[in-house]
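Below is one structure; the comments refer to it alone.
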């Protein structure tokens with residue numbers, strides 16, 4: 001069963017706790033994206049988490065533009081790229097070492113282990129007339145959830161809790177059973193409006209005498225409560241096709257009261273086209289373009305994001321003229 005709530009982002013607020021957030025539930029879109037590439041299960045799980053996280057962050061953009069998540073690491077999955085084009089289009093792919101994946105034991109196929117060490121970058125591109133923004137987080141054996149927390153703590157200084165989950169459902173189709181990928185994510189941020197909660201504790205003095213006792217900064221009670229509630233969310237609740245986003249939010253915050261806003265649809269859609277492919281090929285030198293011509297006399301290009309295969313006649317890119 002697929003709910004109408006699939007493939008959409010639902011913003012919400014818990015005003016009593018001064019928190020705001022978004023919840024994303026992905027069904028057909030993430031299934032098409034992962035099934036098209038036929039990744040190993042562990043890679044699909046990791047990329048599904050990355051897609052959910054990118055949509056959670058990118059859907060907060062208030063203007064047209066692109067939000068991109070990219071990892072570069074020494075792990076078995078050495079690259080993840082997820083593009084979210086506001087307001088509603090997403091595409092993604094993963095690069096990995098198939099031989100190393102096949103040799104891994106089950107406990108070595110967890111998302112954090114696959115990533116390895118390197119960095120995670122978030123990029124906001126608002127077009128040629130605006131400066132690009134990029135935030136980078138070191139990856140040192142942690143998963144995407146932990147990396148997101150680290151990013152918000154270091155770069156944005158906003159108390160944030162993220163939950164990500166990827167799962168499979170099995171549906172009978174024509175006498176056979178096929179698995180369908182699902183993904184979900186939840187982000188909650190502490191954005192106080194009251195003067196009391198906006199007041200931050202003083203930072204410890206940098207010239208404190210050696211051995212001086214420095215009081216630890218206390219966490220706001222409202223944020224402690226909100227964070228604790230979010231940490232009770234189980235993976236299956238984020239991907240259950242029979243549990244709506246509204247019902248899950250009610251489970252979490254009904255005692256405090258939660259208000260939801262208009263949802264935003266999400267579509268899995270690539271940006272590639274024949275015109276873009278031609279423009280890209282023409283940017284290479286004459287020698288490079290000549291070397292691309294295959295035995296069949298054409299240039300073959302496969303889009304990494306959507307696996308669409310394009311064939312270009314040499315004359316279309318100035319070869320042989």
Exercise for the section: Tell me which of these residue 319 doesn't satisfy, since it passes every other one: (1) in a loop (DSSP other than H, G, I, E, B); (2) under 30 Å from residue 170 (Cα atoms). Expected result: (2)
Exercise for the section: Kindly indicate whether any position in region 270-289 is in a strand (DSSP E or B), over 22 Å from residue 51 (Cα atoms) and in contact with a strand residue (DSSP E or B) (Cβ under 7 Å, 6 or more places away or on another chain). Expected result: no
Problem - Which numbered condition residue 161 misses (of (1) crowded, with 20+ Cβ neighbours inside 10 Å; (2) out of contact with any strand residue (DSSP E or B) (no Cβ under 7 Å at 6 or more places or on another chain)) - result: (2)
Exercise for the section: Kindly indicate whether any position in region 278-296 is buried (at least 17 other Cβ atoms within 10 Å of the Cβ), over 30 Å from residue 35 (Cα atoms) and at pLDDT 95 or above. Expected result: no
Exercise for the section: Please enumerate the residues belonging to region 200-256 that are in a loop (DSSP other than H, G, I, E, B), at pLDDT 95 or above and more than 30 Å from residue 4 (Cβ to Cβ). Expected result: none
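Every residue, every condition in (1) in the same structural domain as residue 246 (by TED's automatic domain parsing); (2) at pLDDT below 95; (3) touching a strand residue (DSSP E or B) at 6+ places or on another chain (Cβ under 7 Å); (4) surrounded by fewer than 17 Cβ atoms within 10 Å (Cβ to Cβ), yes or no:
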{"site": "3", "(1), (2), (3), (4)": "no, yes, no, yes"}
{"site": "14", "(1), (2), (3), (4)": "yes, no, no, no"}
{"site": "21", "(1), (2), (3), (4)": "yes, no, yes, no"}
{"site": "26", "(1), (2), (3), (4)": "yes, no, yes, no"}
{"site": "30", "(1), (2), (3), (4)": "yes, no, yes, no"}
{"site": "38", "(1), (2), (3), (4)": "yes, yes, no, yes"}
{"site": "41", "(1), (2), (3), (4)": "yes, yes, no, yes"}
{"site": "47", "(1), (2), (3), (4)": "yes, no, yes, no"}
{"site": "51", "(1), (2), (3), (4)": "yes, no, yes, no"}
Exercise for the section: State yes or no: is residue 114 touching a residue at least 60 places away in the same chain (Cβ under 8 Å) and part of a helix (DSSP H, G or I)? Expected result: yes
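Looking at region 66-87, which of its residues are surrounded by 18 or more Cβ atoms within 10 Å (Cβ to Cβ) and not in a strand (DSSP E or B)?
Of region 66-87, the ones surrounded by 18 or more Cβ atoms within 10 Å (Cβ to Cβ) are 66-71, 73, 75-78, 80-86.
Across region 66-87, the qualifying residues are 75, 76, 86.
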Fill in the blank from the handout: Going through region 124-148 in order, the residues found to be buried (at least 16 other Cβ atoms within 10 Å of the Cβ) and at pLDDT 90 or above are 124, 137, 139, 142, 143, 144, 145, 147, 148
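The values are calculated or read from the model by the stated rules, or taken from the named source; none is laboratory data. Computed from a predicted model, the values in this text were never measured in an experiment. Please note: Cβ atoms are built from the backbone with ideal geometry, for glycine as well, and neighbour counts cover all protein chains shown.
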